[in-house]
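Encoded as structure tokens, the structure appears first; notes follow it.
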Amino acid sequence: MRSNLTVVDHPLVAHKITMLRNEETDSSAFRSLCQEVTLLTAYEALRHLPTEPVSVKTPITTTQSPMLQGPAPAIVGILRAGLVMVEAILTLIPHGRVGHLGLYRDPQTHEPVEYYKKLPDNIDQREVLLVDPMLATGGSAVHALDLLSAAGATKVDLLAIIGCPEGVAAVHDRYPDTAITLAALDERLNEHAYIVPGLGDAGDRIYGTK
Ligand code: PRP
Ligand code: URA
């Protein structure tokens, strides 16, 4: 039985998270660090992907060896900030199909507002990894999971860089079977629904906006 919350415990991940938290880290370094943390944590998030033995002829002999089973996995990024994570995971799964969900948080209500949706075909048959650096109130992740569910996806996991108990609870209240992988589980949300200690606004830090 898989646990439905994994917080990756690795010194390299911890080191890079500290650099991401640092307000002095500029956008270029921040983007690179997001990609590096995504690669290190995707290793855990994708551990369960099913494989099947195939016949392969090596220079020495022919043997049975595992390959990923089924249609190519789908990597679905929540815009904007999830884009850097999608790019990182494509280096691991170059044949992966990519989906985009455009959501932003209303500044007053903190509720997600949807502005774009494009998902790969046959999503119901694919393993889906939903990616977004921040799991704060969980509103964006739950909305994205609702859209994926409405599109027929049944095998959906979530990878975020920093989460908090409120966000994990929101996702698991509605989708108890969704496995969440985090690089860090922070303390709480503040009165503006930002994660504490967190790293600030991920999209703004990635793209140098305010
Ligand atoms: C950030 C982040 C998540 C969301 C998390 O995006 O990338 O999508 O907030 O917050 P939640 O768990 O409370 O929903 P934001 O809304 O700032 O949009 P942006 O990426 O376009 O800047
Ligand atoms: N979105 C972010 O980018 N950061 C937070 O701390 C919360 C939501």
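The values are calculated or read from the model by the stated rules, or taken from the named source; none is laboratory data. Keep in mind the model is a prediction, meaning the values are calculated, not measured. No Cβ is skipped: glycine too gets one built from the backbone with ideal geometry, and neighbour counts run over all protein chains shown. All accessible areas refer to the heavy atoms of the entire protein, side chains included, with ligands and DNA or RNA removed. Shrake-Rupley method; radii C 1.70, N 1.55, O 1.52, S 1.80 Å.
Quick look at the values:
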read-out: THR209-GLU111 FRET efficiency (beta carbon distance; Förster radius 25 Å; 0.05 resolution); value: 0.75
read-out: Point-to-point label distance, ASN190-ARG174, nm (Cα→Cβ direction, 7 Å offset); value: 2.6
read-out: Heavy-atom accessible area per residue - region 36-94, 1.4 Å, Å²; value: 54
read-out: Over the chain: Kirkwood hydrodynamic radius from C-alpha pairwise inverse distances, Å; value: 17.6
read-out: Qualifying trypsin sites (Lys or Arg not before Pro) for region 25-118 [loop in DSSP, other Cβ within 10 Å: at most 14]; value: ARG47
read-out: Relative pair counts by distance (%), Cα atoms of region 162-201, 5 Å bins; value: 6, 25, 30, 21, 13, 5
read-out: Surface accessible to a 1.4 Å probe, TYR175 within the full protein complex, Å²; value: 50
read-out: List THR91, THR38, ordered by accessible area with a 1.4 Å probe, largest first; value: THR91, THR38
read-out: Once exposed loop GluC sites (Glu not before Pro) are cut out (DSSP; at most 10 other Cβ, 10 Å), longest piece of the chain; value: 25-190
